[in-house]
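Q: Okay, handing you the structure first.
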Number of protein chains: 2
Amino acid sequence: MPTTAREFHLVARPQGEPVETDFALVERTLPDPGPGEVLIRNLVLSVDPYMRGKMAGVRTYTDPYELNAPMEGGAVGVVEASGDPDLPVGTTVLHSAGWRSHALLPAARTRPVDTSGPLGPSVYLGALGMPGLTAYVGLLHKAGLREGDTVFVSGAAGAVGGMVGQLARLYGAGRVVGSAGSPEKVAYLVDELGFDAAFDYRSGPVRRQLAEAAPDGIDVYFDNVGGEHLEAAIWCANDFARFALCGSISGYNATSAPPAPRNLFQIVTKRLTLRGFIVSDDPHLARDFHRDVAPAVADGRIKVRETVVDGLENTPEAFISMLRGGNTGKMVVRVSD
Amino acid sequence: MPTTAREFHLVARPQGEPVETDFALVERTLPDPGPGEVLIRNLVLSVDPYMRGKMAGVRTYTDPYELNAPMEGGAVGVVEASGDPDLPVGTTVLHSAGWRSHALLPAARTRPVDTSGPLGPSVYLGALGMPGLTAYVGLLHKAGLREGDTVFVSGAAGAVGGMVGQLARLYGAGRVVGSAGSPEKVAYLVDELGFDAAFDYRSGPVRRQLAEAAPDGIDVYFDNVGGEHLEAAIWCANDFARFALCGSISGYNATSAPPAPRNLFQIVTKRLTLRGFIVSDDPHLARDFHRDVAPAVADGRIKVRETVVDGLENTPEAFISMLRGGNTGKMVVRVSD
């Protein structure tokens, strides 16, 4: 029986901050799955900062979104009709055909996930998904966290940042410092996630606040923000500090080149290492990640917070809000129950 | 018999470009060497970009020069009187008490060098000295040169840069590209040192010229310059390119913060690694360096060019000229024969 799917298309490339009219909700009739295919009803969708880059229409490490075609993105859904005996109806799967109510996919492009635990399916979009893996790869494999390190992470109340801070704790950091964009988020970092110190970057110069929060300097910086944060981290870096550069959300909506750190010569004098990375380059680390981190999420040593927006039709709003910092923890969209 | 030494003191911290009145030539009477000491008559002195940093009065990776005290710097001299039986009169030694005619030093702070070959003692200040070791450590150990890499080096006609290009050639780079500050230097790089391509950064935008010289992008960048060069190298970098950041001479005389690269987000999207380094952190590599590089210098596979200024009294002028790019190859000051 054919299914009517609703899906968001990108219909205009955003100039500056995206607006809702850059997206259009389109209906499409999906046929029954053929052999080896599954029809999925989505439960929950991911909106992530990297999507802003794919809207710009420029090839970087990944192809841009096409105009007038369905958006892609992480999603978890339930198999409603199956042409693959290994994925029976009712199986919960993770896949990348997000921003839509239903998806018809080759079974090979989905991965079954276990939703028997206390955490909902959205955990596979956050703490145990791409953001969690990003934190793990960047902190442990790119920045090379060592016991006793002082770790600074920007965007610390976001999906990646919150995991960076908690993993740093779990793996023996000496001091964990985060920045976020409101007093409520700062309290969340310290009171709920166990950061040693945190500050609101909107309330004063990052450099001064970081120097106060990390008076002995920082050994590791996990950068989600770029710009002033990166400059401040260089100022406060100890000799031989290692920076994992993950993102630069401060510039994603910028229409002109963002301000750049003026102190790059300190990379030489302090012998810093800055490594840019993309999580999809290291798929072999996903197994280690799940082995090491899933138990800590399950037993509560790692806390999971989400900001949930209800309704597929609100996906663009959720995305735009996330870029403004409207989320604490992972921002997800609940599509169906 | 006491010796009258002439030595340069730093008497004012330079503001912007150093001027000759920042330095004063002072006479001092040196006593005969005591036990374990040697009196050295200097033959040749080094002037190096790093010295500008030490004049600024700010502690970085090394202490600043003190005011009204003798300058330090690489030098090669001959033992004229000895209190150490292992260093008889006539021994040629490398040491760090430069900017002066004579030095009285503990023998342990000197290192005998072999001057029986065709190259003069100054080779230990350049190709086989700190600049050569800097090139070797940065290119092979920090940037991790691989066979077939396209290598870009800025300040390529300088003491370090010329070695970087030649070592890249020797170690199997696929293409070697350099920038320098005059048409004559560009010709020297291509015609004498065997660079595949070179350009005059004063004759047009670095980014455009680099893109033309390295049409398939660069895999390694050895940065001596910073600023516009670093930005251009990021623009032209291939995915997973490695940058060894050695210096930033474009900013050393700057009185305000220099322009900074506006494209640092490409460090993420291209997964670049930027490593700042200081050659003195890796003294254990000096043995490998001499074993690997000295034969290539001796048999002419690595060419040695120097710009020689005569007379101790002209040391400040040589230093100021070097910062302006007045040298091709290593800038040295000949003090005595």
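Q: What number of residues within segment B:281-308 are open to solvent by 40 Å² or more (accessible area, probe 1.4 Å) and either of a type in the set (Asp, Glu) or free of Cβ contacts under 8 Å to residues at least 40 places away in the same chain (or both)?
A: In the first step, residues of segment B:281-308 are kept if they are open to solvent by 40 Å² or more (accessible area, probe 1.4 Å); the result is B:281, B:283-284, B:287-288, B:290-292, B:295, B:298-299, B:301, B:303-306, B:308.
From what is left, the residues that are either of a type in the set (Asp, Glu) or free of Cβ contacts under 8 Å to residues at least 40 places away in the same chain (or both) are B:281, B:283-284, B:287-288, B:291-292, B:295, B:299, B:306.
Qualifying residue count, segment B:281-308: 10.
Q: Sticking with this structure for a sec: Could you please find all residues in segment B:268-285 being more than 14 Å from chain A (Cβ to nearest Cβ) and either of a type in the set (S, T, N, Q) or in contact with a helix residue (DSSP H, G or I) (Cβ under 6 Å, 6 or more places away or on another chain) (or both)?
A: Matches in segment B:268-285: B:285 only.
Q: Moving to a separate point now. Consider segment B:195-209. How many of its residues are touching a residue at least 24 places away in the same chain (Cβ under 8 Å) and open to solvent by less than 30 Å² (accessible area, probe 1.4 Å)? Spell out the reasoning first.
A: Initial filter on segment B:195-209 (touching a residue at least 24 places away in the same chain (Cβ under 8 Å)): B:195, B:198, B:201, B:205-207, B:209.
Next cut, open to solvent by less than 30 Å² (accessible area, probe 1.4 Å) only: B:195, B:198, B:206, B:209.
Of the residues in segment B:195-209, 4 are touching a residue at least 24 places away in the same chain (Cβ under 8 Å) and open to solvent by less than 30 Å² (accessible area, probe 1.4 Å).
Q: Given (1) assigned to a loop (DSSP other than H, G, I, E, B); (2) closer than 25 Å to residue A:202 by Cα; (3) of a type outside the set (Gly, Ala, Ser), identify the lone condition not met by residue A:238.
A: (1)
Q: Let me ask another. With respect to residue A:172, is the statement that it is part of a loop (DSSP other than H, G, I, E, B) and free of Cβ contacts under 8 Å to residues at least 40 places away in the same chain true?
A: Taking the combined requirement at face value, the residue satisfies it.
Q: Moving on. Go through segment B:217-242 and give me each residue that's at the interface with chain A (Cβ under 9 Å from one of its Cβ atoms), open to solvent by less than 10 Å² (accessible area, probe 1.4 Å) and farther than 21 Å from residue B:54 by Cα.
A: Across segment B:217-242, the qualifying residue is only B:230.
This table checks each residue for (1) within 23 Å of residue A:53 (Cβ to Cβ); (2) of a type in the set (A, V, I, L, M).
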residue: A:286; (1), (2): yes, yes
residue: A:302; (1), (2): no, yes
residue: A:311; (1), (2): no, no
residue: A:323; (1), (2): yes, yes
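Q: Taking the conditions exactly as written (open to solvent by 20 Å² or more (accessible area, probe 1.4 Å) and either at the interface with chain A (Cβ under 8 Å from one of its Cβ atoms) or touching a His at 6+ places or on another chain (Cβ under 6 Å) (or both)), does residue B:265 satisfy them or not?
A: Numbers: open to solvent by 20 Å² or more (accessible area, probe 1.4 Å): yes; either at the interface with chain A (Cβ under 8 Å from one of its Cβ atoms) or touching a His at 6+ places or on another chain (Cβ under 6 Å) (or both): yes.
Yes; evaluated as a whole, the condition is true for this residue.
Q: Being in contact with a Lys or Arg (Cβ under 9 Å, 6 or more places away or on another chain) and among the aliphatic types (A, V, I, L, M) is the filter here; which residues of segment A:262-281 pass it?
A: Hits for segment A:262-281 are A:267, A:272, A:274, A:278.
Q: Another question, then. Among the residues that make up segment B:256-278, is at least one of them in contact with a strand residue (DSSP E or B) (Cβ under 8 Å, 6 or more places away or on another chain) and under 28 Å from residue B:71 (Cα atoms)?
A: Within segment B:256-278, one or more residues are in contact with a strand residue (DSSP E or B) (Cβ under 8 Å, 6 or more places away or on another chain) and under 28 Å from residue B:71 (Cα atoms).
Q: Given the criteria part of a helix (DSSP H, G or I), among the small types (Gly, Ala, Ser), under 19 Å from the mean Cα position of the chain (by Cα) and not assigned by TED's automatic domain parsing to the domain that holds residue A:111, does residue A:286 qualify?
A: yes
Q: Among what's in segment B:74-88 and is of a type in the set (A, V, I, L, M, F, W, C) and either closer than 15 Å to residue B:3 by Cα or outside the structural domain of residue B:40 (by TED's automatic domain parsing) (or both), pick the residue that is surrounded by the most Cβ atoms within 10 Å (Cβ to Cβ).
A: B:79
The values are calculated or read from the model by the stated rules, or taken from the named source; none is laboratory data. Bear in mind the structure is a predicted one, so any value in this text is a computation, not a measurement. Note: ideal-geometry Cβ built from the backbone for every residue, glycine included; neighbour counts use all protein chains shown. Protein only, heavy atoms only, side chains kept; ligands, DNA and RNA dropped before computing areas. Shrake-Rupley method; radii C 1.70, N 1.55, O 1.52, S 1.80 Å.
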